[in-house]
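The values are calculated or read from the model by the stated rules, or taken from the named source; none is laboratory data. Only a predicted model underlies this, so the values are computations on that prediction, with no experimental measurement involved. Backbone-built Cβ (ideal geometry, glycine too); neighbour counts: all protein chains shown. Side chains are part of the model used for accessible areas, which takes the heavy atoms of the whole protein and leaves out ligands, DNA and RNA. Shrake-Rupley method; radii C 1.70, N 1.55, O 1.52, S 1.80 Å.
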Amino acid sequence: MSRRLLYILGAIFFLVLAIVGFNQYRLYQTKQYSPEETAEYISTDVAVKVFYNRPSKKGRVIFGDLVPYGEWWRTGANEATQIELTRDIRFENGETLSAGKYSLVTIPNANEWQVIFNSKIPDWGTDYDPQFDVLNVVGHVERLPQTVEVFTIDFTEENGQPRLTMAWDNTKVTVPFSAL
């Protein structure tokens, strides 16, 4: 091999290494402000796991401003929020979501949210293609007396029925479901 070809290959290798390093640094910086979290619901009937990133309020008006009403939201920050089910689940409206892995997208509104399960899981949460929507259910909105500073997804149970909850600012959204 000629010396010139070795220099070119070395330069290309260095450039690729620099790009990968820069992207990793950028991802690290982003995660400092919106760290990763996993919420899990585990019962004898089903296991549900949600991977998401947790942005902070930081004095901002969240719903209706930072997150506009009537527009899709990645439901967190950074990568797409993902939900994984070990068994099929049924929602209040009678619709069923099959076991599997989905991206979780929401359309917030003042009185109810559309909670969308999408079969396409993009690398980053800024991509959403409605043609891959699998199911769309209603989330019930509740106004909270105290502010939730960091976006939180969790699971609760009420009268033995599991509920997916999302809370941030003065808003809490609840989506009841049951395992099949």
Return a whole-number percent for the relative contact order of the chain, with Cα pairs under 8 Å and 6 or more residues apart as the contact set.
18
5 Å is the cut-off here: which amide hydrogens, built 1.01 Å from N in the peptide plane, fall below it relative to Lys120, excluding neighbours closer than 5 in sequence?
Ser103
The chain, helix-only ellipticity at 222 nm - DSSP H runs n ≥ 4, -39,500 (n - 2.57), divided by all residues, nearest 500:
-6000 deg cm²/dmol
Here are a few candidate values for volume of the Cα convex hull per residue in Å³: [x] 117; [y] 103; [z] 156. Which one was actually calculated from the structure I just gave you?
[z]
Round to the nearest 10 and report in Å² the accessible area of Leu17, as given by a 1.4 Å probe over the protein chains' heavy atoms.
100
Counting Lys and Arg as +1 and Asp and Glu as -1, what is the net charge of the other residues whose Cβ lies under 9 Å from the Cβ of Val141?
0
Which length gain, in nm to one decimal place, applies between Ser119 and Lys57 when the Cα-Cα distance is subtracted from 0.36 nm times their residue separation?
19.4 nm
Area of Asp65 that stays accessible when all protein chains are in place (1.4 Å probe, Å², to 10)
100
To test your reading of the geometry: what angle, between 0 and 90 degrees and rounded to tens, separates the Cα axis of helix 3-33 from the longest principal axis of the chain?
30
Spacing of the two label points (7 Å from each Cα toward its C-beta) at Asp45 and Lys101, in nm:
2.5
Return the sequence-ordered ³J(HN,Hα) values of region 84-93 in whole Hz as given by the Karplus equation 6.51 cos²θ - 1.76 cosθ + 1.60 applied to θ = phi - 60°, using x for Gly and Pro.
10, 10, 8, 9, 5, 10, 10, 9, 3, 7
